[in-house]
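In what follows, a structure is listed as structure tokens, so that the remarks can point back to it.
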């Protein structure tokens with residue numbers, strides 16, 4: 001089951017919706033960012049999609065990053081700078097949805113390269129816990 005979150009109401013009730021959906025797995029959440037951006041306002045979109053990603057992570061539910069990812073590249077052969085940054089941020093989700101276009105194969109290759117490089121960055125920047133002092137006490 002894929003929960004398509006595209007409205008303010010859907011976002012505000014995502015916790016309850018997820019709890020109900022998790023009774024019948026498998027479940028994933030699609031962040032329908034185009035419609036959702038109109039609903040919550042583009043100035044709030046970044047924090048809303050971040051909250052959805054964090055909730056999905058906490059619930060161990062895959063997130064789908066959707067709506068206009070590399071759209072200019074897929075349709076016209078050249079991405080915008082904003083689309084490239086957006087595609088890089090999509091690495092935080094488990095799945096990225098692309099729309100069709102005459103340059104879709106080039107778009108998939110481009111996205112694959114971005115996601116591969118971003119995966120290396122995320123692994124490198126992952127927070128680590130400091131060494132626990134209890135291990136020092138065992139050797140005294």
field: Within the stretch 45-82, considering residues that are buried (at least 20 other Cβ atoms within 10 Å of the Cβ) and more than 25 Å from residue 27 (Cβ to Cβ), the one nearest to the chain's Cα centre (by Cα)
entry: 70
- prompt: What about residue 81, is it without any contact (Cβ under 8 Å) to a residue 24 or more places away in the chain and within 29 Å of residue 109 (Cα to Cα)?
  reply: yes
message: Being at pLDDT below 95, within 18 Å of the chain's Cα centre (by Cα) and either surrounded by 15 or more Cβ atoms within 10 Å (Cβ to Cβ) or not in a helix (DSSP H, G or I) (or both): is that true of residue 15 here?
response: no
- prompt: How many residues are surrounded by fewer than 16 Cβ atoms within 10 Å (Cβ to Cβ) and in a helix (DSSP H, G or I) when one looks only at the stretch 90-105?
  reply: 2
query: Does residue 69 satisfy the condition of being under 28 Å from residue 102 (Cβ atoms), touching a helix residue (DSSP H, G or I) at 6+ places or on another chain (Cβ under 8 Å), assigned to a loop (DSSP other than H, G, I, E, B) and modelled with pLDDT of 90 or more?
result: yes
message: Restricting to the stretch 20-44, give me the number of residues that are modelled with pLDDT of 95 or more, assigned to a helix (DSSP H, G or I) and surrounded by 16 or more Cβ atoms within 10 Å (Cβ to Cβ).
response: 1
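The values are calculated or read from the model by the stated rules, or taken from the named source; none is laboratory data. Bear in mind that the values here come from a model prediction, so they are computed numbers and not experimental data. As a convention, Cβ positions derive from the backbone with ideal geometry for all residues, glycine included, and neighbour counts pool all protein chains shown.
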